[in-house]
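Here the structure comes first, spelled out in structure tokens, and everything after it is commentary.
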Amino acid sequence: SFIGEESVAAGEGSILTDNPTWIIDPIDGTTNFVHRFPFVAVSIGFVVNKKMEFGIVYSCIEDKMYTARKGKGAFCNGQKLQVSGQEDITKSLLVTELGSNRDPEAIKIILSNMERLLSIPIHG
């Protein structure tokens, strides 16, 4: 099966089944692309039985290829990635994105979550 982000955004229906499925977003960061903000990528995922098997994200402007495979780790241009060992949230950098859903209830939930995070003395 195949699910394309652009066709879903255009209103076409899509149902994730147990079938092997490619999920592709050819312009991940469409709003960034439209505004010439340089964080745009091609994102590809492969799902079997509704579980992600592997994913590839190519950051076009940066010429960076991110890959990850279930149980095998994540890489950037072939170099293994790992999370930091930081366990103290007050010494962590918080990065967030509001998403594109402008439904009033969704906005209320997102802003409530952000308010809780921002009340912690964090960086970012």
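The values are calculated or read from the model by the stated rules, or taken from the named source; none is laboratory data. Keep in mind that what you see is a predicted model, and the values were worked out from it rather than measured. Reconstructed Cβ throughout: ideal geometry from the backbone, glycine too, with neighbour counts over all protein chains shown. Just the protein is used for accessible areas: all its heavy atoms, side chains included, with ligands, DNA and RNA removed. Shrake-Rupley method; radii C 1.70, N 1.55, O 1.52, S 1.80 Å.
Values computed for the structure shown
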read-out: Gain on full stretching of the segment that runs from S84 to R36 - 0.36 nm per residue minus C-alpha separation; value: 14.2 nm
read-out: Candidate residues M52, M114: accessible-area rank, largest first, probe 1.4 Å; value: M52, M114
read-out: Label point distance in nm, T96-I61, each placed 7 Å from Cα along Cα→Cβ; value: 2.3 nm
read-out: Spatially proximal lysines relative to K70 (Cα-Cα < 16 Å; intrachain offsets below 8 disregarded); value: K50, K51, K80
read-out: Alpha-carbon centroid distance for the pair the stretch 11-36 / the stretch 70-92, whole angstrom; value: 25 Å
read-out: Share of carbon and sulfur in the accessible heavy-atom surface of the chain [1.4 Å probe, %]; value: 60 percent
read-out: The chain: radius of gyration over Cα atoms, expressed as a fraction of 2.2 N^0.38 Å; value: 1.25
read-out: Surface per residue (accessible, 1.4 Å probe) for the stretch 1-83, Å²; value: 73 Å²
read-out: Relative contact order %, the chain, counting alpha carbon pairs below 8 Å whose residues are six or more apart; value: 14 percent
read-out: Local electrostatic count at I109 - Lys and Arg +1, Asp and Glu -1, tallied over other residues with Cβ under 14 Å; value: 0
